[in-house]
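The values are calculated or read from the model by the stated rules, or taken from the named source; none is laboratory data. From a predicted model like this one, the values you see are computed outputs, not experimental measurements. Note that we place each Cβ from the backbone using ideal geometry, even for glycine, and neighbour counts take in every protein chain shown.
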Amino acid sequence: MSSMQFGIFSVSDITQDPTTGKTPSEHERIKGWIAMAKKAEEVGLDVFATGEHHNPPFFSSSPTTTLGYIAAQTERLILSTATTLITTNDPVKIAEDFAMLQHLSDGRADLTLGRGNTGPVYPWFGKDIRDGIELAIENYALLHKLWHEPVVNWQGKHRTPLTGFTSTPAPLDGVAPFVWHGSIRSPQIAEQAAYYGDGFFHNNIFWNKEHTERMVRLYRSRFAHYGHGEPEQAIVGLGGQVFMKSTEREAKERFRPFFDVAPVYGHGPSLEDFTEMTPLTVGTPEQVIERTLSFRDYAGDYQRQLFLVDHAGLPLEEVLEQIEILGTEVVPVLRREFDRVRADGVPDAPTHAARVAAAREAGTQMGEQGNAWQEGARTDLDAALDTGAAIARQAGE
Amino acid sequence: MTNPRIVVVSAGLGEPSSTKLLADRLRDATLTALTAHGQHADVVDVTLRPLAQDIASHMLTHNPTDALAAAIKEVIDAEAIIAVTPTFNMSYSGLFKSFFDCVEEGQLASIPTALGATGGTARHSMVMDTAMRPMFAYLKAQVAPTGVFAAAEDWGSASGLDRRIAREGQELADLMVAMPRRREADPFDTEGDAFVSFEQMLGHA
């Protein structure tokens with residue numbers, strides 16, 4: 001693995017192939033996803049990331065089940081999300097599920113937190129969309145605590161309080177999964193990522209690059225403000241959307257019918273206009289390389305690049321071919337070229353091994369395989385239960 | 001010091017357009033009244049017809065073309081707006097509404113605004129109070145009390161159209177002088193009032 005990680009991320013839409021009229025079943029798409037992930041590892045990509053949705057035509061309702069299954073069939077691939085809903089999921093369940101995934105995958109798990117973009121998901125999960133930012137702030141504060149403190153006492157506005165709670169399993173090697181925070185245009189989320197010194201991910205698809213530029217700039221400056229390092233040392237991830245053939249003309253001819261009726265941008269701007277307006281690139285591998293290298297011009301040196309390749313009804317064989325081209329023709333050049341121009345002092349993309357080594361060095365590791373965590377937990381638990389009792393007494397219970 | 005800028009948004013579809021004609025008359029009346037205040041203004045025309053395709057694409061993708069982005073920027077950066085639409089089915093035209101749908105909450109707050117509408121007969125004149133004013137009230141613009149509706153017949157009779165235009169131009173000039181718009185702070189400006197630090201989000205500051 002080089003200083004940057006490259007991979008694919010998926011919106012998980014089930015969309016009719018407009019060229020054949022065929023709509024894959026949920027089962028076909030889900031199994032196709034697994035094939036995509038395995039192909040990604042096979043051709044040397046680093047990351048597979050799933051979205052999270054709770055409504056048709058999407059199928060990605062259960063990320064850690066999916067990622068755990070992929071983890072069992074791969075050896076090097078990092079399993080991630082884009083995004084995990086920090087607003088409507090219980091942070092306790094996120095802590096448990098992703099720590100479990102981290103253990104099962106031997107540290108190949110991280111996650112990107114986001115608020116989601118489907119209004120009704122909030123009421124379906126008993127939340128209020130007007131609390132979106134507040135939920136993202138409060139729930140992550142709890143998730144962070146659960147992964148950094150063996151015994152948690154906690155009280156907030158949006159969840160039942162916790163007294164003497166220990167999240168299990170403890171993070172692998174006492175180091176929590178790396179967290180990215182994703183947002184298109186909410187400065188509060190860039191601020192949140194900066195405050196914790198976590199990563200910031202911009203999906204960088206479907207939107208004009210000005211949003212990406214503004215968010216990344218704010219995140220970098222606040223990362224430095226909170227004392228985590230220089231702005232250039234902040235951890236940035238970007239998305240991108242590509243479709244490639246050996247000639248630009250062939251790529252456009254093949255992709256255009258999918259583009260023209262796609263759920264997100266179909267019936268709107270022309271393929272050419274949308275390519276101009278957003279990071280979408282439809283052309284040769286060389287054009288994709290050139291475009292992707294240009295992201296650095298507005299985002300700075302960054303750590304993770306994920307491509308969307310399975311959107312808008314593209315059939316599986318076509319998607320696997322795209323992954324193959326990425327792995328064999330595009331990413332090797334990107335690794336080399338990005339490394340060549342990378343400034344000194346820019347951190348490598350986060351991996352579990354590197355984070356464990358850093359935590360050991362800094363003395364912030366929670367314990368070997370969670371053992372010390374549990375020892376700590378027993379002593380802390382007594383204190384916590386005392387505190388709980390004190391709270392109960394104060395409340396007059 | 002640069003002059004304040006008045007942006008004239010007209011949603012007329014014909015060429016020549018009576019909607020544009022009314023917008024130009026409101027512009028001239030405003031400039032005349034400003035001169036009486038000893039002030040000048042620059043004027044920028046934003047004609048929506050050539051932006052119709054761009055506006056539809058924006059509605060579907062949230063991505064503005066360069067031309068539309070420039071037009072939106074003119075409007076939200078202006079010191080005053082004159083907005084004029086034809087009346088379709090008892091309301092502003094869809095094009096007019098769709099353009100202002102590109103403007104985000106708060107971006108027009110406190111901006112002095114003069115409204116105008118055109119229509120076939122005076123029976124459509126309620127568009128001013130049932131459609132236009134509610135939308136600009138939602139956008140928190142400062143709207144001049146007079147809103148000129150020009151029916152086809154007004155252009156050929158002594159119906160008082162000139163007087164109404166002059167009064168609205170005077171009102172817009174008065175607003176620009178006495179209650180100029182306050183700029184909303186940029187939430188990405190970490191030194192500005194609109195920026196929310198993490199301590200504030202946590203309720204610690």
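Annotation: of all residues in region A:194-205 being among the small types (Gly, Ala, Ser) and farther than 17 Å from A:Gln5 by Cβ, the one that is nearest to the other protein chains (Cβ to nearest Cβ) is A:Ala194. Taking region A:155-164 as the range and being surrounded by fewer than 18 Cβ atoms within 10 Å (Cβ to Cβ) and in a strand (DSSP E or B) as the test, only A:Thr163 passes.
Every listed requirement among (1) surrounded by fewer than 16 Cβ atoms within 10 Å (Cβ to Cβ); (2) of a type in the set (Ser, Thr, Tyr); (3) farther than 25 Å from B:Ile76 by Cβ is met by B:Tyr138 save one, (3). Please work out which residue is surrounded by the most Cβ atoms within 10 Å (Cβ to Cβ), limiting yourself to region B:161-178 and to residues that are under 18 Å from B:Asn3 (Cβ atoms) and in contact (Cβ under 8 Å) with a residue 24 or more places away in the chain. In this case the residue turns out to be B:Leu172. Looking for something within 14 Å of the chain's Cα centre (by Cα) and modelled with pLDDT of 95 or more - is there at least one such residue anywhere in region B:150-164? Within region B:150-164, not a single residue is within 14 Å of the chain's Cα centre (by Cα) and modelled with pLDDT of 95 or more. Scanning region B:195-205 for residues that are facing another protein chain (nearest Cβ under 9 Å) and either exposed (fewer than 14 other Cβ atoms within 10 Å of the Cβ) or part of a loop (DSSP other than H, G, I, E, B) (or both) turns up B:Phe195, B:Val196, B:Ser197, B:Glu199, B:Leu202. Of all residues in region A:272-310, those being at pLDDT 95 or above, in a helix (DSSP H, G or I) and in contact with a strand residue (DSSP E or B) (Cβ under 7 Å, 6 or more places away or on another chain) number 7. The requirement of being in a helix (DSSP H, G or I), farther than 27 Å from A:Glu191 by Cβ and not basic (Lys, Arg) is satisfied by A:Pro257. Residues that are without any contact (Cβ under 8 Å) to a residue 60 or more places away in the chain and within 22 Å of A:Thr64 (Cα to Cα) within region A:108-126 comprise A:Asn117, A:Tyr122, A:Gly126, listed in sequence order.
Taking region A:58-134 and the helices (runs of 4 or more DSSP H) fully enclosed by it, the elements with 1 or more residues that are within 18 Å of the chain's Cα centre (by Cα), more than 14 Å from chain B (Cβ to nearest Cβ) and within 23 Å of B:Met201 (Cα to Cα) are at A:91-104. Considering only residues that are more than 10 Å from chain B (Cβ to nearest Cβ) and on the phi > 0 side of the Ramachandran plot, look in region A:206-234 and name the one that is surrounded by the most Cβ atoms within 10 Å (Cβ to Cβ). Per the criteria, the residue is A:Gly229.
Output the residue which, of all residues in region B:72-89 that are more than 12 Å from the chain's Cα centre (by Cα) and of a type outside the set (S, T, N, Q), is nearest to B:Ala23 (Cα to Cα). The residue in question is B:Pro86. If only one of A:Val151, A:Val179 is more than 30 Å from A:Gln305 (Cα to Cα), hydrophobic (A, V, I, L, M, F, W, C), in contact with an Asp or Glu (Cβ under 8 Å, 6 or more places away or on another chain) and modelled with pLDDT of 95 or more, which one is it? None of the others qualify; the one that does is A:Val151.
Considering each residue of region A:237-247 in turn, at least one proves to be outside any loop (DSSP other than H, G, I, E, B), away from chain B (no Cβ under 14 Å), under 16 Å from the mean Cα position of the chain (by Cα) and farther than 25 Å from A:Glu134 by Cβ. In the condition set (1) buried (at least 18 other Cβ atoms within 10 Å of the Cβ); (2) assigned to a loop (DSSP other than H, G, I, E, B), B:His58 is compliant with all but (2). Among residues of region A:335-353 that are surrounded by fewer than 10 Cβ atoms within 10 Å (Cβ to Cβ), those with a Cβ under 8 angstrom from a residue that is in a helix (DSSP H, G or I), sequence gap 6+ or separate chain, pair up as A:Val341/A:Arg296. Please work out which one of (1) within 25 Å of A:Glu324 (Cβ to Cβ); (2) surrounded by fewer than 23 Cβ atoms within 10 Å (Cβ to Cβ) is the condition A:Gly237 fails and give its number. Result: A:Gly237 fails condition (2) only.
Within region B:46-55, the set of residues being under 24 Å from B:Ile111 (Cα atoms) and buried (at least 19 other Cβ atoms within 10 Å of the Cβ) comprises B:Val46, B:Leu48, B:Leu51, B:Ile55.
Among all residues of region A:136-145, there is none that is under 30 Å from A:Asp273 (Cβ atoms) and surrounded by fewer than 24 Cβ atoms within 10 Å (Cβ to Cβ). Exactly one residue out of A:Thr284, A:Thr292, A:Thr328 is of a type in the set (S, T, N, Q), surrounded by fewer than 21 Cβ atoms within 10 Å (Cβ to Cβ) and within 30 Å of A:Phe178 (Cβ to Cβ): that is A:Thr328. Residues that are closer than 22 Å to A:Gln188 by Cβ and of a type in the set (Ser, Thr, Tyr): does region A:231-254 have at least one? Looking through region A:231-254, none of the residues is closer than 22 Å to A:Gln188 by Cβ and of a type in the set (Ser, Thr, Tyr).
Residues in region A:135-154 that are within 13 Å of chain B (Cβ to nearest Cβ) and in contact (Cβ under 8 Å) with a residue 40 or more places away in the chain: A:Leu135, A:Ala136, A:Ile137, A:Asn139, A:Tyr140, A:Leu142, A:His144. Among the conditions (1) at positive phi; (2) surrounded by 14 or more Cβ atoms within 10 Å (Cβ to Cβ), B:Asp154 misses just one, which is (1).
Of all the residues in region A:255-286, those that are away from chain B (no Cβ under 14 Å) and either in contact (Cβ under 8 Å) with a residue 60 or more places away in the chain or of a type in the set (A, V, I, L, M, F, W, C) (or both) number 4. The set of residues in region B:149-194 being of a type in the set (Gly, Ala, Ser) and within 14 Å of chain A (Cβ to nearest Cβ) consists of B:Ala185, B:Gly192, B:Ala194.
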